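Working notes, beginning with the structure itself.
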């Protein structure tokens, strides 16, 4: 009987931790089949009175999954891996293109609109949140970059360099 009470208590605590973190608006960027990497974007809402951090994301969609962000340095956009993504108490953090995001490196699955994939997000407070993210076609930002590049070339301006490491 004591074992059942302890087990039920553990399940209840885990459930409370997970419900204190809400993940919404998740999606994976559709990419052409020849591209080996993509990104997962989402919003994380922290309903607790303590700061938490996203520490890890697990899925079988890719060989490696990393937390990333961008920084403009010396006119070069640099993308790099981070150890964690903070979500302040009673606040939200939006993972979006050009900011914090989750890189899916070495894709094991084909990304087509209409498909969706499972992920487990692991937080510093012990919470684990499972989500199912759909694949979406995201062209607006890509078209904007392409048009900006063409306009810069028309005016003889230097191309914007984008580096990853």
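A few remarks follow.
- For the range 70-113, a tally of residues being out of contact with any strand residue (DSSP E or B) (no Cβ under 7 Å at 6 or more places or on another chain) and farther than 18 Å from residue 37 by Cβ returns 5.
- Meets criteria (modelled with pLDDT under 95 and part of a helix (DSSP H, G or I)) for residue 157: no
- Checked against the criterion of being more than 14 Å from the chain's Cα centre (by Cα), within 22 Å of residue 132 (Cβ to Cβ), assigned to a loop (DSSP other than H, G, I, E, B) and at pLDDT 95 or above, the range 55-73 contains one or more residues that satisfy it.
- Residues that are surrounded by 12 or more Cβ atoms within 10 Å (Cβ to Cβ) and either in contact with a helix residue (DSSP H, G or I) (Cβ under 9 Å, 6 or more places away or on another chain) or in contact (Cβ under 8 Å) with a residue 40 or more places away in the chain (or both), drawn from the range 64-80: 65, 77, 78, 79, 80
- Consider the range 45-61 and keep the residues that are farther than 12 Å from residue 119 by Cβ and in contact with a strand residue (DSSP E or B) (Cβ under 9 Å, 6 or more places away or on another chain). The one that is surrounded by the fewest Cβ atoms within 10 Å (Cβ to Cβ) is 47.
- Qualifying residue in the range 82-91 (condition: exposed (fewer than 11 other Cβ atoms within 10 Å of the Cβ), modelled with pLDDT of 95 or more and more than 13 Å from residue 40 (Cβ to Cβ)): yes
- Qualifying residue in the range 3-23 (condition: within 13 Å of the chain's Cα centre (by Cα), surrounded by 11 or more Cβ atoms within 10 Å (Cβ to Cβ), in a strand (DSSP E or B) and modelled with pLDDT of 95 or more): yes
The values are calculated or read from the model by the stated rules, or taken from the named source; none is laboratory data. Only a predicted model underlies this, so the values are computations on that prediction, with no experimental measurement involved. So basically every Cβ, Gly included, is an ideal-geometry build from the backbone, and we count neighbours across all protein chains shown.
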